Ligand code: ADP
Ligand code: MG
């Protein structure tokens, strides 16, 4: 038996096109060929289970090898094999059924995955790296003849009788000159590790050395020798394929370590498992978050039937959950996953919604089950939750039940609990509820202190996402404003009907303002004389809430906000007209003495807020020494 023929394709030569347009990720040829070997092996196993194959299955390990001298890479399986007729049917015809269409469309194709999947070119991706491909195969079917198919990358192929004696298929690639980089142990090992680490059939690649005991020497010490052992590179039943009830916490943690050897243990995880209306399994981990957001992204690996596809899961996982780690496996996401495909696919949107819901359910469960434990993890979880609430309305609805606010006394409250707590004392005369918060409890200590003295509560909102979160919840909560403790003097943060009258006359106030203007001599500070409680500080420096918040959001968010980032800082200097020190300044015997005292009082205020540095600090210390 020997037959020559032309691969049924109308267009003269498709391979140059494949090579030309698929240059970006040549390495996927190995993923495609090993996947085919896995498919063939799973099929024979299945036939055996069904009783349609009664021979011995034997060792089903798939072997990948290469020969540097002959310049070949071989993928061997002990799967179901093919008859000559099947080769004609599955390799020659099917692969090119879409060829005409392919040639018309190849111009628009953006990446290799897209073309390969769309046009069933899995096997033909071999020609990206090979100038010649041989298939040596023997079918499992009784009395079948071994066959050899060869093709040199033109549309001509040849089928002849082969010599293979055992069931299965060897694919031999004669690597072309441009692709000799693939004839390298580390290169191949790397590609196999990337795509094939969790395939369901054992895969062997070459051998590796291992030290084993080799008796004892004269002194009675153990001897060691190095032996070559098979290098099976994959875990055939990774945890996401198992049932959660068969898994212990250790298993999840060990798997996490295997994926991210450098990472700290995760906080908790979610085992995903659905089969309707789409099929999806996986394990998502909540990592401990450091502040380096970006480094933590793209940590979810996407698989299709245990074949690694990509770690760009942008459309499948909601944006705010991109910080999660772990794996997702869905046969409904085909191998030919590509950006444009994903966006168009209906399942992807459903998967996205499903993951959002699962994550919300898990958080809600953790919150209800053990609130103390949940609180202790809040500093890490909070980031996801806040990010989610800001970016997805659906998540906000769920998240508002298990979002926590922490105050300066380390107590935690849900949004509802907090409202109830502060409403009686922190509602201002316009019926607005004012939440006070600090972003830096050390620097803002004097303000926190003043607020606590008034029996106000102060929240701690100090993570990078908080300026956005504050803005968001303020827009959601009814008649509620958030103000940082240093946004104004305490009397004005929450304006009540009863305020202190300024005991200074108008003239006195005017001269106090002039004295301080002279002392400060800086246009970013605006001096105002106010009537505050005599217990309050004589001088307080504040920055108005709105302006400060816009500036902060500009720093972390950019976009339309960035305009605010370029505005100069603008502080208000509130002078407490009722403080005895102000009286003392007015009564000082010379203008010079007045200005010196004012300067001293102003510097003290700067000092208490961590704003006094450098030369100003030195001058202050010198002046203080002289005064003493
Ligand atoms: P797909 O895997 O999507 O079907 P491919 O182009 O990768 O497309 O393969 C085409 C067909 O060739 C397969 O469906 C299968 O019937 C056959 N085939 C490829 N490789 C093997 C193999 N190693 N053993 C048996 N059949 C194979
Ligand atoms: Mg295939």
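All of the numbers you see were taken from the coordinates with simple rules; none came from a lab. No experiment lies behind these values; they were computed from the predicted model shown. Please note: Cβ atoms are built from the backbone with ideal geometry, for glycine as well, and neighbour counts cover all protein chains shown.
Bridges between two residues of the chain, per DSSP, are antiparallel at a rate of about 75%.
Between the Cα long axis of helix 28-49 and the first principal axis of the chain there is an angle of about 60°, rounded to the nearest 10.
Each semi-axis of the equivalent ellipsoid for the chain is √(5λ) with λ an eigenvalue of the Cα gyration tensor; in descending order they amount to 72, 26, 25 Å.
Taking all Cα pairs closer than 8 Å and separated by 6 or more residues, the relative contact order of the chain comes to 8 percent.
Note on region 500-628: the C-alpha convex hull projects to 9.2 nm² when averaged across all orientations. Alpha-carbon geometry of region 360-466: the Rg and the Dmax are 14.6, 41 Å, given in that order.
When peptides 75-82, 258-265 are ranked by their average number of other Cβ atoms within 10 Å per residue, the highest-first order is 75-82, 258-265. Computed over the Cα atoms of region 403-498, the ratio of the radius of gyration to the Kirkwood radius (Rg/Rh) comes to 0.92. Computed from Cα atoms, the angle from the helix 415-426 axis to the main principal axis of the chain rounds to 10 degrees. Averaged over residues, the count of other Cβ atoms within 10 Å places the peptides 48-55, 589-596 in the sequence 589-596, 48-55, highest first.
With helices as the sole contributors, the chain gives -11500 deg cm²/dmol at 222 nm; each DSSP H run of n ≥ 4 counts as -39500 (n - 2.57), and the sum is divided by every residue.
Relative to the first principal axis of the alpha-carbon coordinates of the chain, what is the inclination of helix 185-196, with its axis defined by its Cα atoms, in degrees from 0 to 90 and to the nearest 10? Here the helix axis deviates by roughly 70 degrees.
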